[in-house]
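Have a look at the structure below, then the notes.
The values are calculated or read from the model by the stated rules, or taken from the named source; none is laboratory data. From a predicted model like this one, the values you see are computed outputs, not experimental measurements. Quick reminder, even Gly has a Cβ in these numbers, built from the backbone with ideal geometry, and neighbours come from all protein chains shown.
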Amino acid sequence: MGTLNVRTDESMEAAIRALAEEFGSRSEAVRYALLRTYKERLIEQAKSDAARVAADPDDQAEMLAIQRFMGVAE
């Protein structure tokens with residue numbers, strides 16, 4: 001496991017203290033915050049990709065062809 005040193009200001013320290021109370025330690029608080037932020041970014045990217053695909057007629061036609069091939073669309 002790696003180690004990370006981060007400089008924090010007062011507002012960051014307050015956030016870490018609040019999360020540490022909930023998650024048991026400063027390290028767990030930081031792990032939680034990083035993973036949550038990363039997951040939120042992945043979800044936003046997936047939403048963006050889905051919107052792009054939904055707006056592209058060629059992608060829609062390809063998805064319909066795949067669904068027909070799989071027998072889930074007529």
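Worth pointing out:
- A single member of Arg26, Arg41 is at pLDDT 95 or above and farther than 23 Å from Ala14 by Cβ, and it is Arg41.
- Residue match in the stretch 14-29 (condition: among the charged types (D, E, K, R) and either surrounded by 13 or more Cβ atoms within 10 Å (Cβ to Cβ) or within 20 Å of the chain's Cα centre (by Cα) (or both)): yes
- Qualifying residue in the stretch 23-39 (condition: in a helix (DSSP H, G or I), over 22 Å from Gly2 (Cβ atoms), in contact with a helix residue (DSSP H, G or I) (Cβ under 9 Å, 6 or more places away or on another chain) and not hydrophobic (A, V, I, L, M, F, W, C)): no
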